[in-house]
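One structure is given here, and the rest of the page talks about it.
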Amino acid sequence: MKTVQTHSKFFIIGNADEQNSIAHLIQDDDIVVRFNNPNPNCTLKADWIFIANGYTQIRHLVIEHQFLKPETQIFFRYSKKDIFYSRYQNIPMHKRIKYLWRFPKWIKKSQLDQYFINTIPSKIYRHCADSLGFRQPSTGLLAIDYICQQYPKNTVYIHNFTSEGWTGHNWNDEKQLIHTWVKTGRIITI
């Protein structure tokens, strides 16, 4: 597992198509962050990967290990308790119960059990949701906020973000929030 150094930089790679390679900017101690099933248009391998592990996502999401380094850290959006208690998604009880046994099986089937697994803290989720005034922040926004809050002294770059994707996210407000974070120097776009 790669340790974050005081001089480590974070490169958070969105799933838009790669317009220009940033591989030459990344040093050995830097952390490359990817999402869900990374866009193959960008070949950078993840040190950390943030995965949307909701009830519906685990039924359809296939993880491509070619974009994961052997010591990649996994960050799931939800804990099993989050799903069971419907903290962030309205899911019928029978599906929540099914998730309790389906999720561990999905981890094993997806071979994610070979990696170090984390869950995004609920305070990060709540902070993003409150900042947006919306219940479903994107996995990318959660990752940016998590890294900025956990490693405030490290430089955070974002790349290949277009604020587009699944219709369940409020992309316009996310774009505005990211723009605010760029203006205040919290993150840098490349």
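Listing for the model above:
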{"item": "Test: residue in the stretch 96-108 that is touching a residue at least 60 places away in the same chain (Cβ under 8 Å) and among the aliphatic types (A, V, I, L, M)", "result": "no"}
{"item": "Pairs where the first residue, in the stretch 117-132, is more than 14 Å from ILE144 (Cα to Cα) and touching a residue at least 40 places away in the same chain (Cβ under 8 Å) and the second is crowded, with 16+ Cβ neighbours inside 10 Å and β-branched (Val, Ile, Thr), C-beta under 6 Å, 6+ apart", "result": "ILE117/ILE74"}
{"item": "Neighbours by Cβ (under 6 Å, 6+ apart or cross-chain): first from the stretch 155-174, closer than 30 Å to GLN5 by Cβ and modelled with pLDDT of 80 or more; second polar (S, T, N, Q) and open to solvent by 40 Å² or more (accessible area, probe 1.4 Å)", "result": "ILE158/THR189"}
{"item": "Members of the stretch 110-132 found to be surrounded by 13 or more Cβ atoms within 10 Å (Cβ to Cβ) and basic (Lys, Arg), listed by number", "result": "ARG126"}
{"item": "Filter result for the condition that a residue is modelled with pLDDT of 90 or more, closer than 17 Å to SER110 by Cβ and surrounded by fewer than 20 Cβ atoms within 10 Å (Cβ to Cβ), over GLN57, GLN66", "result": "GLN66"}
{"item": "Residue list for the stretch 65-119, filter: of a type in the set (Ser, Thr, Tyr) and in a loop (DSSP other than H, G, I, E, B)", "result": "TYR78, SER79, TYR85, SER86, TYR88, SER110, TYR115"}
{"item": "Residues of the stretch 70-79 classified as under 29 Å from GLY133 (Cα atoms) and open to solvent by 90 Å² or more (accessible area, probe 1.4 Å), total", "result": "0"}
{"item": "Set LYS45, LYS9: member being open to solvent by 70 Å² or more (accessible area, probe 1.4 Å) and closer than 21 Å to LEU141 by Cα", "result": "LYS45"}
{"item": "From the options ARG102, ARG135, residue that is open to solvent by less than 70 Å² (accessible area, probe 1.4 Å) and either over 14 Å from the mean Cα position of the chain (by Cα) or hydroxyl-bearing (Ser, Thr, Tyr) (or both)", "result": "ARG102"}
{"item": "Test: residue in the stretch 122-135 that is among the hydroxyl-bearing types (Ser, Thr, Tyr) and not in a helix (DSSP H, G or I)", "result": "no"}
{"item": "Exclusive hit being open to solvent by less than 30 Å² (accessible area, probe 1.4 Å), touching a Lys or Arg at 6+ places or on another chain (Cβ under 9 Å) and more than 18 Å from ILE13 (Cα to Cα), set ILE107, ILE83, ILE144", "result": "ILE83"}
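The values are calculated or read from the model by the stated rules, or taken from the named source; none is laboratory data. Quantities reported herein were computed from a predicted structural model and do not represent experimental measurements. Positions of Cβ are generated from backbone atoms using ideal geometry, with glycine treated the same way; all protein chains shown enter the neighbour counts. Note: areas computed on protein heavy atoms with side chains; ligands, DNA, RNA excluded. Shrake-Rupley method; radii C 1.70, N 1.55, O 1.52, S 1.80 Å.
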